[in-house]
Amino acid sequence: MPGLVDFHVHVYWGATIWGLEADKIGAAGGTTAFLDTGSAGAITLAGLRRYVIEPSRTRIRALVHICTAGLITTLGELRDPRYLDVDGTVRTIDQNRDIAPGVKIRYSENIVGSGAQAKAALDAAVEAAEQAGVWLMVHIGYTPEPIPEILDRLRPGDVVTHSYTPLTGGLVDMSARQMLPAVIAARDAGIEFDIGHGKSSFGWHTAQAALDSGFPPDYISSDLHRGCVHGPAFSLPNVMTKFWLLGMPLEEIVARCTIAPARKLGLDAGTLRVGAEADIAVLAVDEGPVTLVDCTGVERTWDRELRAAHTFRAGVRLDPEVLGPSEELPVELSSRPMTREADA
């Protein structure tokens, strides 16, 4: 199949608490292109570009965080509103149009605060995207205001990530086991929805309810970072397997992590068209039983699992044996419980 295009990762290794090494996780996971979702802000994107994006064999695009410093720590990057940087974000995108397709904000109460302060942060992110003429990605879960109010402020082409989160402040009304009416209306209005599995943003019950109510994601992504690469996300093929278990046809799964994100990012990727660069993933189907786990610790057993057997970027194999696993940083990653006070 085409080389996978992971629409949500963190690959600013060494400069942020979350970062993995793109070529290494790409080789291990059949992924030839990535979207880094806000690891860098206005004052740190230059480093991401020079030291990560330019030397990488895999193709990388990067959303610019509305927090000027990006995701340096786990302490809540916008609890201090002085870190909001509309002008810097717009200027940085203008200077990096070839790699920066949009703006990012993590809109959780423990990250942006509450009340007027939180609303001002989202307003700033929308304003920066509007001025720069790009789309905005909004991270949800423990959101500081109701989902309908958030969706009402977004524009066609903006993206909500962590769409199947089991955390409070998600898109699924679990009492009715269906998507909130405002979410259906938002999709009709052109808002798009990404998975972003990660450490805390995929639950079997929310995913099943969403799919049963006719609400598949626009993009299937891993949100791979230091806190989830050893579980529960593991890799993009592992996330794909979970959707296969849930009954989504494999062709639809593949489209949502190849051609769909490639088009959104303006990449000539996610295709095996004659004449295109030879970005290729060869996935094996390993026979089970296998145990798959969601972000709440609930396990399901299935009879098969997708695994990347070979990854080719521009016709050259990325060998995971040569590249090795992503190197651990000599700093602790917060392991605080997933509460409103901990990082979502």
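Here, each number is a calculation from the coordinates, and none is a lab measurement. All values reported here derive from a predicted model rather than from experimental measurement. Cβ sites come from the backbone with ideal geometry, for glycine too, and all protein chains shown count toward neighbours.
Things worth noting here:
- Taking every lysine pair in the range 4-323 that is 8 or more places apart or spans two chains, those with Cα atoms closer than 21 Å amount to 5.
- Taking Cβ atoms as reference points and 14 Å as the exclusive limit, the residues near R273 contribute a net charge of -2, counting Lys and Arg as +1 and Asp and Glu as -1.
- Most fluctuating residue given options L20, L267, L136, as computed from a GNM of the chain linking Cα atoms under 10 Å: L267
- Once exposed loop GluC sites (Glu not before Pro) are cut out (DSSP; at most 13 other Cβ, 10 Å), longest piece of the chain: 1-326
- The modelled label-to-label distance between T296 and E130, using points 7 Å beyond Cα along the C-beta direction, is 3.7 nm.
- Computed log₁₀ I(q)/I(0) - Debye formula, equal Cα scatterers, no solvent, the chain, q 0.06, 0.12 Å⁻¹: -0.18, -0.78
- Sequence-ordered 3J(HN,Hα) estimates for the range 25-41 from the Karplus curve with 6.51, -1.76 and 1.60 and θ = phi - 60° stand at 6, x, 4, 6, x, x, 9, 10, 8, 9, 10, 7, 9, x, 4, 10, x Hz, glycine and proline given as x.
- Euclidean distance between Cα centres, the range 139-190 to the range 207-265, Å: 17 Å
- Seen from R49, the other residues with C-beta closer than 15 Å to its C-beta sum to a net charge of +1, counting Lys and Arg as +1 and Asp and Glu as -1.
- Listed residues R97, R79, R226, most fluctuating in the chain (Gaussian network, C-alpha, under 10 Å): R97
- Using θ = phi - 60° and Karplus 6.51 cos²θ - 1.76 cosθ + 1.60, couplings along the range 72-81 (whole Hz; Gly, Pro as x): 6, 10, 9, 8, x, 5, 10, 5, 9, x
- Least to most buried among S235, S326 (fewest other Cβ within 10 Å first): S326, S235
- Counting beta carbons within 10 Å around each of F7, F243 and listing the fewest first gives the order F243, F7.
- Scanning residues 5 or more positions from T258 or on other chains, those with amide H under 5 Å from its amide H are V5, with H placed 1.01 Å from N in the peptide plane.
- Calculated [θ] (222 nm, deg cm²/dmol) that DSSP helices of n ≥ 4 give over the chain, each run adding -39,500 (n - 2.57): -7500 deg cm²/dmol
- Amide H within-cut-off set for G41, under 5 Å, with H built and near neighbours excluded: H65, G70, L71
- Between A46, A116, A269, the Gaussian network model of the chain with springs among Cα atoms under 10 angstrom shows the greatest mean-square fluctuation at A116.
- Note on H8, H205, H230: ascending count of other Cβ atoms within 10 Å places them as H230, H205, H8, the fewest first.
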